[in-house]
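Undergrad: Structure provided below as structure tokens; questions to follow.
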Amino acid sequence: MSTPSVIVVGAGFGGLGVAIELQRNGFDKITILERAADLGGVWRENTYPGAACDVPSTLYSFSYEPKPDWPHRYSGQADILGYLHTVAVKYRLLDRIVFDTEVTEARFDESAQRWTVRTANGADRTADVLICAVGQLSRPRMPDIAGIDTFTGPSFHSAQWDHSVELTGKRVAVIGTGASAIQFVPAIAPEVERLTLFQRTAAWVVRRTDRNYRPMHHALFRHVPGLRLAQRLWVWCFLEFFSLGLTAIPPIRRIATWLGTRALRGDIPDARLREKLTPDYPVLCKRVLFSNEYYPALVRPNVDVVTEHIAEVVPEGVRTADGTVHPADVIVYGTGFKGSEFLWPIKVFGREGVELDRMWDEGARAYLGMAVPGFPNMFLMYGPNTNLGTGSILYMIECQARYIRQAVRYLSDHPHSRLEVRPETAAAFDEQLQRRLLRTPWTACSSWYRNAAGRITNNWPGTVTAYRLRTRTLDPADYLTGLPDSIGIR
Ligand code: FAD
């Protein structure tokens, strides 16, 4: 192979990040297939009021593409999407992206040692290397509640916000209290007549120190040497400190518990409401949510928090198990994503026609979150066990992009070779990972980090530094590199 050809599936931070890394290192036979009409991934989809990152923008941006003029410390969806567009234009990626092209199937052709990718419009494309960058949170999850289709008013998922629906003066039912709901509830609460928030489990919420950046800050970030880097380093150390609390230094969790309890006590004077909002699981088990506005929104006179189990959705609203019908004009589902169904619904077939779904019937797993035995020359971005409880996913994405670039370099330097992770290497990694995961707080509650069988499929049990060190150098010894005898080349 001279310059390997590469198909990247998905044009979010992951797909664009790996394409930039490859391109900057001279690998330019890249095609990015994106099912939507625009790039941006979750930042294109999640346009709900108040959508923003919960990691400071200085860290939630590519390390090699700093932006001195973020308007806020925690930037909003439009600014993050704008950033991605600017980056894509700068690196001339737009010509490489084929939009409106959903990948439905990928199949490894052993005789040609190439991947054939089928798209929803029936067209096939082939490449030497397949990189799946479809994200963990790109498929909204609707709750399994009876009667959803009977509701007579408008209803939508927060990731598919229907901006044509006017909420002013309406009675709005919000189902779910995850990371999206805590952003859009405070944004819509002042304008709606009544907001009924249905909560299954209370979240740990801690305050954050957001601020608007003025032209003076932008000038400082642009012109004072090292300032932006120092800020990035400070945020990075802060988040790394809390990730140490996940495994290595459990007492750190007490600080997070104290921060959450302090926010709850400070913002919710009413003891009954406070009781409803007190989590019944340890801190860090689910993602800690950062907001200064969520609790104050819940004490508004037009907001009710309902903890009674939802029995069904009825034409005029939501009926809870106690028989009460909560009338609503609009229902918003803030019920998260199908996070543990990695790559679904793409059908991926590896060597000997083995289907990835079969390999993953007990839950998705991949060596370093990127490589799967039996699937040569295929790599995943933001794959299994690379999500973080604290920290910026973009750092993980950059680690993966660098690792995959080394893989492509290897294939380029070693014609007539392949990279297929050794089953024993992948198994040993997975065993060690699962052992570590057992020591984390994520085992103490159910969350989107775990699949139906309870296996933690999404999260990395450590610091991002540890992940960086593990992925720094691709060791060819971890991989089967020779071609099978059947095609006559070794
Ligand atoms: P995505 O952004 O999901 O992009 C995947 C792309 O693949 C999409 O464009 C999708 O259309 C495309 N695609 C999917 N399937 C196919 C297919 N079959 N064929 C073709 N294309 C396909 N992380 C943080 O670290 N900090 C934060 O503050 C933060 N905030 C978040 C807020 C929200 C509302 C959400 C939903 C997520 C947030 N995340 C955050 C996590 C976020 O998912 C990652 O940070 C990052 O954006 C993931 O990028 P990605 O490219 O891997 O995935």
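Undergrad: Any residue in the stretch 206-215 that is farther than 26 Å from ILE393 by Cα and surrounded by fewer than 16 Cβ atoms within 10 Å (Cβ to Cβ)?
TA: Yes, the stretch 206-215 contains at least one residue that is farther than 26 Å from ILE393 by Cα and surrounded by fewer than 16 Cβ atoms within 10 Å (Cβ to Cβ).
Undergrad: Next question, about the same structure. Restricting to the stretch 321-350, and then to whatever is among the polar types (S, T, N, Q) and surrounded by 18 or more Cβ atoms within 10 Å (Cβ to Cβ), can you tell me which residue is modelled with the lowest pLDDT?
TA: SER340
Undergrad: Does ALA364 satisfy being surrounded by 17 or more Cβ atoms within 10 Å (Cβ to Cβ), in contact (Cβ under 8 Å) with a residue 24 or more places away in the chain and not in a loop (DSSP other than H, G, I, E, B)?
TA: No.
Undergrad: Follow-up question, since we're still on this one. Let me confirm something: among THR177, THR196, which residue is surrounded by 17 or more Cβ atoms within 10 Å (Cβ to Cβ) and touching a His at 6+ places or on another chain (Cβ under 6 Å)?
TA: THR196
For every residue, the table says whether it meets (1) closer than 30 Å to LYS170 by Cα; (2) in contact with an Asp or Glu (Cβ under 9 Å, 6 or more places away or on another chain); (3) not hydrophobic (A, V, I, L, M, F, W, C).
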{"site": "LEU244", "(1), (2), (3)": "no, no, no"}
{"site": "ARG262", "(1), (2), (3)": "no, no, yes"}
{"site": "LEU273", "(1), (2), (3)": "yes, no, no"}
{"site": "LYS276", "(1), (2), (3)": "yes, no, yes"}
{"site": "CYS285", "(1), (2), (3)": "no, no, no"}
{"site": "LEU289", "(1), (2), (3)": "yes, yes, no"}
{"site": "PRO296", "(1), (2), (3)": "yes, yes, yes"}
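Undergrad: Looking at GLY339, is it within 13 Å of the ligand (Cβ to nearest atom) and under 30 Å from GLY26 (Cα atoms)?
TA: Criteria not met by GLY339.
Undergrad: Being more than 9 Å from the ligand (Cβ to nearest atom) and either touching an Asp or Glu at 6+ places or on another chain (Cβ under 6 Å) or at positive phi (or both) is the filter here; which residues of the stretch 387-401 pass it?
TA: ALA401
Undergrad: Counting only residues that are in contact with a strand residue (DSSP E or B) (Cβ under 7 Å, 6 or more places away or on another chain), in a loop (DSSP other than H, G, I, E, B) and over 13 Å from PHE151 (Cα atoms), how many does the stretch 317-334 have?
TA: 2
Undergrad: Could you go through the stretch 196-219 and let me know if any residue there is at pLDDT 90 or above and acidic (Asp, Glu).
TA: no
Undergrad: Hey, another quick one. Can you run down the residue pairs with Cβ atoms below 6 Å, 6 or more apart or on separate chains, where the first is in the stretch 336-352 and over 17 Å from ASN385 (Cβ atoms) and the partner is at pLDDT 95 or above and near the ligand (Cβ under 9 Å from one of its atoms)?
TA: Listed by first residue and then by second, the contacts come to ILE346/VAL103.
Undergrad: Considering only the stretch 436-446, I want to know if a residue exists there that is in contact (Cβ under 8 Å) with a residue 24 or more places away in the chain, in contact with a strand residue (DSSP E or B) (Cβ under 7 Å, 6 or more places away or on another chain) and not polar (S, T, N, Q).
TA: The answer is yes; a qualifying residue exists.
Undergrad: Within the stretch 405-418, is there a residue that is of a type outside the set (Lys, Arg), exposed (fewer than 14 other Cβ atoms within 10 Å of the Cβ) and under 30 Å from PRO143 (Cβ atoms)?
TA: Looking through the stretch 405-418, none of the residues is of a type outside the set (Lys, Arg), exposed (fewer than 14 other Cβ atoms within 10 Å of the Cβ) and under 30 Å from PRO143 (Cβ atoms).
Undergrad: Related question: Scanning for something within 24 Å of SER180 (Cα to Cα) and not aliphatic (A, V, I, L, M), does the stretch 460-469 turn up at least one residue?
TA: Yes, the stretch 460-469 contains a residue that is within 24 Å of SER180 (Cα to Cα) and not aliphatic (A, V, I, L, M).
Undergrad: Counting only residues that are at negative phi and either within 10 Å of the ligand (Cβ to nearest atom) or not assigned by TED's automatic domain parsing to the domain that holds LYS29 (or both), give me the strands (runs of 3 or more DSSP E) lying completely in the stretch 40-140 with at least 1 of them.
TA: 103-109, 114-119, 129-132
Undergrad: What's the total number of residues in the stretch 8-29 that are buried (at least 24 other Cβ atoms within 10 Å of the Cβ), more than 6 Å from the ligand (Cβ to nearest atom) and of a type in the set (Val, Ile, Thr)?
TA: The number of residues fulfilling the criteria is 2.
The values are calculated or read from the model by the stated rules, or taken from the named source; none is laboratory data. Every value quoted in this text rests on a predicted model; they were computed, and no experiment measured them. Cβ coordinates were reconstructed from backbone atoms using ideal geometry, including for glycine residues, and neighbour counts include every protein chain displayed.
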